[in-house]
Every structure is written in structure tokens, then in C-alpha cells.
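Novice: The structure that follows is given in the form of C-alpha cells.
The values are calculated or read from the model by the stated rules, or taken from the named source; none is laboratory data. Just so it is clear, the structure is predicted and the values come from calculations on it, not from any experiment. We place every Cβ from the backbone using ideal geometry, glycine too, and count neighbours over all the protein chains shown.
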Amino acid sequence: MLRIGVLVSGRGSNLQAIMDGIREGKIEASLELVISDNPQAYALERCKKHGVNFKVIERKSFKTKKDFERAMAQELKERGVELVVLAGFMRILSKEFLNFFPERVINIHPSLIPAFQGLEAQRQAVEFGAKLSGCTVHLVDESVDGGPPIVQAVVPVLPEDTAESLADRILSYEHRILPQTVQWFAERRVKIEGRKVIVEGARYGEVPINPALERF
């Protein structure tokens, strides 16, 4: 069974999706530890409710970013964590941290990477006038939301959308593709070749037909 750790900074809805997936038997993994850099994060209340081990590690408690990241890595390593999941963790990780878990740190981002990286991706999409947006689970590297994508879900941007309404619709897909990705890692189906990430057994190359477009 895959041993995972989750890093959070905020409300933890994607954390909840993972906990639900494990509880329902959809994810063959054990959640060994949740780490938050924010002692006020609502994600910690979710941990308390479900009896999940958690630890608060604040950046301000350490002189350097290196020491902060090393403390997180040590806690995760002590619990035998094999896959680290960033679920609303609002910090950029360094190569040193990533080297503790090579090609085993993933993140969920609310856009179709490489579009709209960084903060407020949904607002960026609305203000740009994009017709499609969505969310991406990707491997984490030293860039800002620029690591190789594993899976993406496409969500239309409607004319009446605000950043908030688009974010709500995208979030429902985040809650689907992040747990699915964790399960793929649990099944050892994720193969990485440079920037190309292949999920063994996944169906590639199929484009769903929209009946509304058949007349064109």
C-alpha cells in the first residue's frame, strides 16, 4: 500500500477528497502525515475530524528556507512517505526538498498548464477571455506550476463567469483527478520519461464528440 504525505496551507478540500477516496476504498494508500505551514488552516480541522496525523511546521520558526524544508522532509521520511501531494500548499519547493522524493512530488493547479501559472489562475483565465480552462495534476519541479503534467481536466469558461464561479466548477474536477492520480501511483502505472508522463493502461487519443458541433 502506497504511503503518502500531504502538504497544505488552506481549507484542504483536495485533502478531503483524498481522505474520502481512501475511506471509500478508491485509493489504495495510507495517509501517513499532513503538514501545514499555516496553524490556522482549516485543513487541520479535517485531520482532527478524521483522526489523521498532522503537524504544523511554520517557515518563521526556521532561519532559512533550507532548514524549513529539511524539517518537513525529515517528518515525512520518518513516516516512510513514498509520495508527497501538494494540496493547496502555497510555497515553492527547492530542488533540495525535491531530491528527498525524486519524481514523487505532485501538485494540483487550477489551470491547463502551461496556461495561467501562478496565483489566481481562474481570474487570469476570465480576464484573458479564455474559452477553456481546467486543472492539472503535475510533477513538481523548481518552477512555478511548470512541472510535467500527468493528467488534465478541461472546463469551459462561460461568458457570465467570474473568477469565483469558474473556480467552483474547476474545483469539482480537482477533486476527481487528484485522487485518481494518487491511485495511479499506488498501482505503479505512472512512467516518467523526461517531460513526458505516461500512465500505463490509460486511454489516449480519444476526443469526445460534442453533439452541438456535429452540424459543422
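Novice: Has segment 50-57 got at least one residue that is touching a residue at least 24 places away in the same chain (Cβ under 8 Å) and within 16 Å of VAL140 (Cβ to Cβ)? Before the answer, list the steps.
Specialist: Of segment 50-57, the ones touching a residue at least 24 places away in the same chain (Cβ under 8 Å) are 50, 52-53.
From what's left, within 16 Å of VAL140 (Cβ to Cβ): none.
Within segment 50-57, not a single residue is touching a residue at least 24 places away in the same chain (Cβ under 8 Å) and within 16 Å of VAL140 (Cβ to Cβ).
Novice: In addition: Which of the following residues is surrounded by 13 or more Cβ atoms within 10 Å (Cβ to Cβ) and in a strand (DSSP E or B): VAL182, VAL197? Working first, answer last.
Specialist: Working: VAL182 fails: in a strand (DSSP E or B).
Answer to the selection: VAL197.
Novice: Listed residues VAL190, VAL137, VAL197, VAL182; which is modelled with pLDDT of 95 or more, closer than 25 Å to GLU32 by Cβ and in contact with a Phe, Trp or Tyr (Cβ under 6 Å, 6 or more places away or on another chain)?
Specialist: Details: VAL137 fails: in contact with a Phe, Trp or Tyr (Cβ under 6 Å, 6 or more places away or on another chain); VAL197 fails: in contact with a Phe, Trp or Tyr (Cβ under 6 Å, 6 or more places away or on another chain); VAL182 fails: in contact with a Phe, Trp or Tyr (Cβ under 6 Å, 6 or more places away or on another chain).
Sole residue among the options that is modelled with pLDDT of 95 or more, closer than 25 Å to GLU32 by Cβ and in contact with a Phe, Trp or Tyr (Cβ under 6 Å, 6 or more places away or on another chain): VAL190.
Novice: Also: Out of VAL85, VAL81, report the one residue that is modelled with pLDDT of 95 or more and part of a loop (DSSP other than H, G, I, E, B).
Specialist: Details: VAL85 fails: part of a loop (DSSP other than H, G, I, E, B).
Of VAL85, VAL81, the one residue that is modelled with pLDDT of 95 or more and part of a loop (DSSP other than H, G, I, E, B) is VAL81.
Novice: Restricting to segment 1-26, what's the tally of residues that are assigned to a loop (DSSP other than H, G, I, E, B) and either at positive phi or over 15 Å from the mean Cα position of the chain (by Cα) (or both)? Working first, answer last.
Specialist: Residues of segment 1-26 assigned to a loop (DSSP other than H, G, I, E, B): 1, 9-12, 24-26.
Of the ones still in play, those that are also either at positive phi or over 15 Å from the mean Cα position of the chain (by Cα) (or both) are 1, 12, 24-26.
Looking only at that region, the number is 5.
Novice: If I go through segment 27-37 residue by residue, how many of them are farther than 20 Å from LYS55 by Cα and either modelled with pLDDT under 95 or crowded, with 19+ Cβ neighbours inside 10 Å (or both)?
Specialist: Pass one, segment 27-37, residues farther than 20 Å from LYS55 by Cα: 27-28.
Those still in the list that are either modelled with pLDDT under 95 or crowded, with 19+ Cβ neighbours inside 10 Å (or both) too: 27.
Residues meeting the conditions: 1.
Novice: Please give the number of the condition GLY118 fails out of (1) in contact with a strand residue (DSSP E or B) (Cβ under 6 Å, 6 or more places away or on another chain); (2) exposed (fewer than 13 other Cβ atoms within 10 Å of the Cβ); (3) in a loop (DSSP other than H, G, I, E, B).
Specialist: It is condition (1) that GLY118 fails.
Novice: Okay, moving on. Hey, can you tell me all the residues within segment 13-32 that are of a type in the set (Val, Ile, Thr) and without any contact (Cβ under 8 Å) to a residue 40 or more places away in the chain? Spell out the reasoning first.
Specialist: Keep residues of segment 13-32 that are of a type in the set (Val, Ile, Thr), which gives 18, 22, 27.
The one that is of a type in the set (Val, Ile, Thr) and without any contact (Cβ under 8 Å) to a residue 40 or more places away in the chain: ILE22.
Novice: Output the residue which, of all residues in segment 49-67 that are more than 21 Å from the chain's Cα centre (by Cα) and in a helix (DSSP H, G or I), is surrounded by the most Cβ atoms within 10 Å (Cβ to Cβ). Step through it out loud before you land on a result.
Specialist: So the first thing to find is which residues in segment 49-67 are more than 21 Å from the chain's Cα centre (by Cα), and the list is 49, 51, 60-67.
Keeping just the survivors that are in a helix (DSSP H, G or I) gives 49, 60-61, 65-67.
Numbers: LYS49: 10, LYS60: 7, SER61: 11, LYS65: 15, LYS66: 12, ASP67: 11.
By that ranking, first place goes to LYS65.
Novice: Could you list all residues from segment 88-113 that are in contact (Cβ under 8 Å) with a residue 24 or more places away in the chain, over 21 Å from ALA186 (Cβ atoms) and in a helix (DSSP H, G or I)?
Specialist: Matches in segment 88-113: LYS95, GLU96, PHE97.
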